[in-house]
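Notes for the one structure printed next.
The values are calculated or read from the model by the stated rules, or taken from the named source; none is laboratory data. As the structure is a prediction and not an experimental result, all values here were calculated from the model. Cβ sites come from the backbone with ideal geometry, for glycine too, and all protein chains shown count toward neighbours.
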Amino acid sequence: MKNFNYRMPVRLLMVLAVLFSGCDSFVEVDLPSSQLTSSSVFEERATANAAMTNIYAKLRDSGLLSGGASGMSIALGAYADELDYYGISSGDTQFLYTNSVLPTTGIVAEWWSRSYNQIYAANTVYEGVSNATKLAQSDKDQLMGEALFVRALVHFNLANLFGAVPYITTTDYQQNQMAPKVAVAEVYSRCIADLETAQALLPTTDFGGSRVRPNKWAATALLARVYLYNGNFAEAANAASAVLNETGTYALVTDFDSAFLKDSPSTLWQLIPQNSGASTAEGANFIFTAGPPPFVALTQSLLDAFEPGDLRKLHWVKGVTDGSTTWYHAYKYKQQSFTGSSTEYSIVLRLPELYLIRAEARAKQGFLSGAKDDLNAIRNLAGLPNTTAATQEEVLTAIVKERRVEFFTEGGHRFADLKRAGEANAVLDVAKPGWDAHEVLFPLPQNELLLNPNLEPQNTGY
């Protein structure tokens, strides 16, 4: 299973076509009229695995986790204060950059429909595998754990963008089409329940090779994040510690140029490119070689956030000049085009986050010494001295600043961190002309409100 890729037999592609295409909204998904209505697909290890890995391909290629324009790394980077936009004036990224998103803007409908299609697919795998009679129990546990992991991850991201959303746990289209919203706290609670179950089901080993399939520690890392967002600080610290204690498997990377290589020991879970030799979508979209930038570039405020001597700025930021003006792009991923052999995969979860999760969770509980130890572990790695923060408020502020320069242009961390810290409106009101307080949540897609009245009311301000 080394060099694992998201490919599958032609026969299975035909079988899965109904599930993975043509579903513009989860409320519009009818019962598949293919073999998916039977258990045959999930009785064989190969086809059941292919069904699951195809979901990862969908996560990679479309929706919130993709490295493209609609993915959170770019979309929320432009929406917050990480990226300046240089593309066409009529694109969705322009609407995000100018914070002029409406309920009818294409990207919110895309986020919603892609996400719930991925959730529907995960539920299909979960139900099919759980009802299989010939599949080995170890395979059933693995696949059910992965499906729950994906279901929790996608719902978690949806709640952070839209607030209250439906939490879909079935393939019953009649039930799904009228599903009501549940509060963010309830979404987090259900994510936690799914991840705790996934944690128990998933193996501790790197199933599939190259860390492209989530294992117990990837589920634990995501669980630590959800605990933190939900205010379960003791549980967040404990979950982070469980992963950090796996020193035989994971380690911080001291060479920042290799931190985003596919074999980085700090990676917990990543998405493999579609074709061998292809670069990541992140590399293709962030890197540019001539100015002015064709799409996006780093903001001056982000560049100014790095302290003098920070190795991350030296290795993860690159300047491009036309002789009079210099622009800067994210350079975490070094490859922009086909290389013959893919050296980088799209990283979703990596070890430094666990240090900063534990630092924040410890600080929230008043354990400032331990919090500063974790914060300093990341700072020292970047060539910076120990933090001078002393009070709880100072330590928490220092952690937010550290997360900004550690996770810039990664999965929308910055926007979520500003919201969690209660700083979004104060910061973005300065960084984004015309910013309004209600824009910390995105509007629910207008077409979904028309289809499902249980999604009412629309988010405030839209």
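For the stretch 108-146, the candidate set comprises residues that are under 21 Å from L64 (Cα atoms) and among the acidic types (D, E); within that set, the residue that is surrounded by the most Cβ atoms within 10 Å (Cβ to Cβ) is E146.
Among the strands (runs of 3 or more DSSP E) contained in the stretch 298-353, which hold 1 or more residues that are aromatic (F, W, Y) and touching an Asp or Glu at 6+ places or on another chain (Cβ under 9 Å)? If you could, list the steps in order and put the result at the bottom.
Values: elements: 317-321, 326-330, 346-350.
Of the strands (runs of 3 or more DSSP E) lying wholly inside the stretch 298-353, those with at least 1 residues that are aromatic (F, W, Y) and touching an Asp or Glu at 6+ places or on another chain (Cβ under 9 Å) span 326-330.
Inclusion of N117 among residues that are more than 25 Å from D206 (Cβ to Cβ), part of a helix (DSSP H, G or I) and touching a Cys at 6+ places or on another chain (Cβ under 9 Å) is warranted. Summed over the stretch 314-364, the residues that are touching a strand residue (DSSP E or B) at 6+ places or on another chain (Cβ under 8 Å), among the charged types (D, E, K, R) and under 14 Å from F407 (Cα atoms) give a count of 1. Looking for something within 19 Å of the chain's Cα centre (by Cα), in a loop (DSSP other than H, G, I, E, B) and modelled with pLDDT of 95 or more - is there at least one such residue anywhere in the stretch 144-164? Looking through the stretch 144-164, at least one residue is within 19 Å of the chain's Cα centre (by Cα), in a loop (DSSP other than H, G, I, E, B) and modelled with pLDDT of 95 or more. For the stretch 273-297, the tally of residues that are charged (D, E, K, R) and outside any helix (DSSP H, G or I) stands at 0. Sub-6 Å Cβ pairs linking a first residue in the stretch 386-405 that is within 26 Å of V317 (Cβ to Cβ) and free of Cβ contacts under 8 Å to residues at least 24 places away in the same chain to a second residue that is small (G, A, S) and assigned to a helix (DSSP H, G or I), at least 6 apart or interchain, are T387/A398; A389/A398, ordered by first then second residue. Just one of (1) at pLDDT 95 or above; (2) buried (at least 17 other Cβ atoms within 10 Å of the Cβ); (3) among the hydrophobic types (A, V, I, L, M, F, W, C) fails for A251. It is (2). Out of all the residues in the stretch 92-104, which are crowded, with 18+ Cβ neighbours inside 10 Å and of a type in the set (S, T, N, Q)? If the condition is that a residue be crowded, with 18+ Cβ neighbours inside 10 Å and of a type in the set (S, T, N, Q), then T93 is the only one that fits. Considering the stretch 397-436, and only residues there that are polar (S, T, N, Q) and surrounded by fewer than 17 Cβ atoms within 10 Å (Cβ to Cβ), the residue that is farthest from N459 (Cα to Cα) turns out to be T397.
Applying the set (1) closer than 22 Å to A398 by Cβ; (2) touching a residue at least 40 places away in the same chain (Cβ under 8 Å) to S346 leaves exactly one unmet item: (1).
For the stretch 154-184, a residue qualifies if it is among the aliphatic types (A, V, I, L, M) and closer than 18 Å to Q118 by Cβ, and the qualifying residues are V154, L158, A159, L161, V165, I168, A179. Close contacts from the stretch 436-453, counting a first residue that is farther than 18 Å from D81 by Cβ and a second that is of a type in the set (V, I, T) and in a helix (DSSP H, G or I), with Cβ to Cβ under 8 Å and a gap of 6+ residues or different chains, come to P443/V108; L444/V108; P445/V108; E448/V27; L451/V27; N452/V27. T204 meets the conditions (1) within 30 Å of T343 (Cβ to Cβ); (2) assigned to a loop (DSSP other than H, G, I, E, B); (3) in contact with a strand residue (DSSP E or B) (Cβ under 9 Å, 6 or more places away or on another chain); (4) not charged (D, E, K, R) in every case but one. The failed one is (3). On inspection, R362 fails the criterion of being of a type outside the set (S, T, Y), assigned to a helix (DSSP H, G or I) and closer than 29 Å to Y56 by Cβ.
Cβ-Cβ distances below 7 Å connect the following pairs, each with a first residue in the stretch 159-170 that is at negative phi and β-branched (V, I, T), a second residue that is surrounded by fewer than 21 Cβ atoms within 10 Å (Cβ to Cβ) and part of a loop (DSSP other than H, G, I, E, B), and a separation of six or more residues or different chains: V165/K181; I168/A179.
Of all the numbered requirements in (1) more than 17 Å from L356 (Cβ to Cβ); (2) outside any helix (DSSP H, G or I), D257 misses one, and that requirement is (2). Look at the stretch 176-201: where a residue is within 18 Å of L148 (Cα to Cα) and a partner is part of a helix (DSSP H, G or I) and at pLDDT below 95, sitting 6+ places away or on another chain with Cβ atoms under 7 Å, you get N176/F26; N176/V27.
Only one entry of V320, V296 meets the criterion of being buried (at least 23 other Cβ atoms within 10 Å of the Cβ), under 25 Å from D84 (Cα atoms) and touching a Phe, Trp or Tyr at 6+ places or on another chain (Cβ under 8 Å), and that entry is V296.
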